[in-house]
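Read through the structure below, which is laid out as structure tokens, and then see the notes.
The values are calculated or read from the model by the stated rules, or taken from the named source; none is laboratory data. It should be emphasised that the depicted structure is a prediction, and the values quoted were computed from it without experimental measurement. Using ideal geometry, Cβ is built from the backbone for each residue, glycine included, and neighbour counts are taken over all protein chains shown. The protein model used for the area step is the full one, side chains on, heavy atoms only, and it has no ligands, DNA or RNA in it. Shrake-Rupley method; radii C 1.70, N 1.55, O 1.52, S 1.80 Å.
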Amino acid sequence: MKYVHGYDQRENIRLQDQASSLVELLHADTRYSSGSRVLEAGCGVGSQTTTLARNSPLAQFTSLDISGSSVAEAKQKIERAGFTNVSFQQGDIFRLPFQPESFDHIFVCFVLEHLARPVEALKCLKNLLKVGGTVTVIEGDHGSAYFYPDSEAAHKAIECQVELQKRAGGNANIGRELYPLITTAGFSAIQVSPRMVYVDSGKPQLVEGFTKNTFTAMIEGVRESSLKAGLIDEKTFDNGIRGLYRTAETDGVFCYTFFKAVAIKQLETQEAVEGRLD
């Protein structure tokens, strides 16, 4: 599986900045009860894992990622934080090493955007979920980015990241598709809520943590790949990055929307089973 933004140290720092700046927005309403077994599928370097462990100290988490080096870093991060309710495992979402209905809940954050077959991934995860259990999915949507002062070059730079992710088999605009994707995967009682990040100079932590160190850093990170692919010229891309940093100044504004979905695995009727087998 190929990622547009990968596992290098700068990317790890960016992911941690994103997680730190968005904890309340994305995770305040995610809590798991005592004794619950929760699978975090695609934990990466543990940027979300520490929040999950902190918010639900009596739940038991299994955090899994395809990258062994990311799993190792996530494990170190959890150990440094002093949490004992998380175990780690390397594995592929499409070939998960667990028995059916092993988990009470499943958590998936910023993973589907990288996958060419997101519905298939959700179906694989659904097989591991107990009837009545929940899946929580969080994704961004680069098409939701808008800002002041506006910048045509900045939009073109953002589009480079979208196109590169598309060519790698992913979808940087997947946030808007969560409801149909989760519906197609066979979940029920789906609730999707938009989570807008609004940033102005009155919110200095978000200016640094999100506008600069998360979003702009991510776009800046695809500069060489974009130029090599012939998606944009050097001057336009660099002007776009300057335009994004310009939104972090005193009179600037930056907006971006994440989407969070929660759904339930319900007992299938005989008709549904027969329809799937046909």
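Please determine whether any residue of the range 173-182 is among the hydroxyl-bearing types (Ser, Thr, Tyr), more than 30 Å from residue 239 (Cα to Cα), at pLDDT 95 or above and within 16 Å of the chain's Cα centre (by Cα).
Yes, the range 173-182 contains a residue that is among the hydroxyl-bearing types (Ser, Thr, Tyr), more than 30 Å from residue 239 (Cα to Cα), at pLDDT 95 or above and within 16 Å of the chain's Cα centre (by Cα).
Is the range 178-201 home to any residue that is among the basic types (Lys, Arg), surrounded by fewer than 21 Cβ atoms within 10 Å (Cβ to Cβ) and either in a helix (DSSP H, G or I) or without any contact (Cβ under 8 Å) to a residue 40 or more places away in the chain (or both)?
Of the residues in the range 178-201, the ones among the basic types (Lys, Arg) are 195.
Subsequent filtering for residues that are surrounded by fewer than 21 Cβ atoms within 10 Å (Cβ to Cβ) retains 195.
Next, from what is left, pick out any that are either in a helix (DSSP H, G or I) or without any contact (Cβ under 8 Å) to a residue 40 or more places away in the chain (or both): none.
For the range 178-201, residues among the basic types (Lys, Arg), surrounded by fewer than 21 Cβ atoms within 10 Å (Cβ to Cβ) and either in a helix (DSSP H, G or I) or without any contact (Cβ under 8 Å) to a residue 40 or more places away in the chain (or both): absent.
Within the range 58-70, track down each residue that is open to solvent by less than 20 Å² (accessible area, probe 1.4 Å), closer than 23 Å to residue 121 by Cα and in contact with a strand residue (DSSP E or B) (Cβ under 7 Å, 6 or more places away or on another chain). Before you say what the answer is, go through the steps one by one.
If we filter the range 58-70 for residues that are open to solvent by less than 20 Å² (accessible area, probe 1.4 Å), which is where we start, we get 59, 61-65, 67, 70.
Right, trim to closer than 23 Å to residue 121 by Cα and you get 61-65, 67, 70.
61, 62, 63, 64, 65 - these are the residues of the range 58-70 that are open to solvent by less than 20 Å² (accessible area, probe 1.4 Å), closer than 23 Å to residue 121 by Cα and in contact with a strand residue (DSSP E or B) (Cβ under 7 Å, 6 or more places away or on another chain).
Could you name every one of the helices (runs of 4 or more DSSP H) located completely within the range 209-248 that has at least 2 residues being open to solvent by 30 Å² or more (accessible area, probe 1.4 Å) and modelled with pLDDT of 95 or more?
On the way: elements: 217-220, 223-228, 234-246.
Fully inside the range 209-248 and qualifying: 223-228, 234-246.
Given the criterion over 29 Å from residue 91 (Cα atoms), at pLDDT 95 or above and either assigned to a helix (DSSP H, G or I) or aliphatic (A, V, I, L, M) (or both), identify the matching residue among 121, 157.
Numbers: 121 fails: over 29 Å from residue 91 (Cα atoms).
Among 121, 157, only 157 is over 29 Å from residue 91 (Cα atoms), at pLDDT 95 or above and either assigned to a helix (DSSP H, G or I) or aliphatic (A, V, I, L, M) (or both).
Every residue in the range 113-144 that is more than 21 Å from residue 32 (Cα to Cα) and crowded, with 19+ Cβ neighbours inside 10 Å, please.
Step one: of the range 113-144, the residues more than 21 Å from residue 32 (Cα to Cα) are 113-121, 123-124, 140-144.
Selection gives 113, 114, 115, 118, 121, 140, 141, 142.
If you scan the range 154-171, which residues turn out to be within 21 Å of residue 242 (Cβ to Cβ) and in contact with a Leu (Cβ under 9 Å, 6 or more places away or on another chain)? It would help to see each step written out before you state the result.
Applying the first criterion (within 21 Å of residue 242 (Cβ to Cβ)) to the range 154-171 yields 154-164.
Of everything in the range 154-171, those that are within 21 Å of residue 242 (Cβ to Cβ) and in contact with a Leu (Cβ under 9 Å, 6 or more places away or on another chain) turn out to be 154, 156, 157, 158, 159, 160, 163, 164.
Restricting to the range 68-85, name every residue that is touching a helix residue (DSSP H, G or I) at 6+ places or on another chain (Cβ under 9 Å) and either assigned to a strand (DSSP E or B) or among the polar types (S, T, N, Q) (or both).
Matches in the range 68-85: 70, 84, 85.
Looking for whichever is on the phi < 0 side of the Ramachandran plot and assigned to a loop (DSSP other than H, G, I, E, B) here; the options are 147, 107, 98, 88. Which one fits?
On the way: 147 fails: assigned to a loop (DSSP other than H, G, I, E, B); 107 fails: assigned to a loop (DSSP other than H, G, I, E, B); 88 fails: assigned to a loop (DSSP other than H, G, I, E, B).
So the residue among 147, 107, 98, 88 that is on the phi < 0 side of the Ramachandran plot and assigned to a loop (DSSP other than H, G, I, E, B) is 98.
Test residue 169 against the criterion of being surrounded by fewer than 18 Cβ atoms within 10 Å (Cβ to Cβ) and free of Cβ contacts under 8 Å to residues at least 60 places away in the same chain, and give yes or no.
Numbers: surrounded by fewer than 18 Cβ atoms within 10 Å (Cβ to Cβ): yes; free of Cβ contacts under 8 Å to residues at least 60 places away in the same chain: no.
It is false that residue 169 is surrounded by fewer than 18 Cβ atoms within 10 Å (Cβ to Cβ) and free of Cβ contacts under 8 Å to residues at least 60 places away in the same chain.
Looking at the range 85-95, can you tell me whether even one residue there is β-branched (Val, Ile, Thr) and open to solvent by 10 Å² or more (accessible area, probe 1.4 Å)?
Looking only at the range 85-95, we keep the residues that are β-branched (Val, Ile, Thr), and these are 86, 93.
Next, only the ones that are open to solvent by 10 Å² or more (accessible area, probe 1.4 Å) stay: 86, 93.
There is at least one residue in the range 85-95 that is β-branched (Val, Ile, Thr) and open to solvent by 10 Å² or more (accessible area, probe 1.4 Å).
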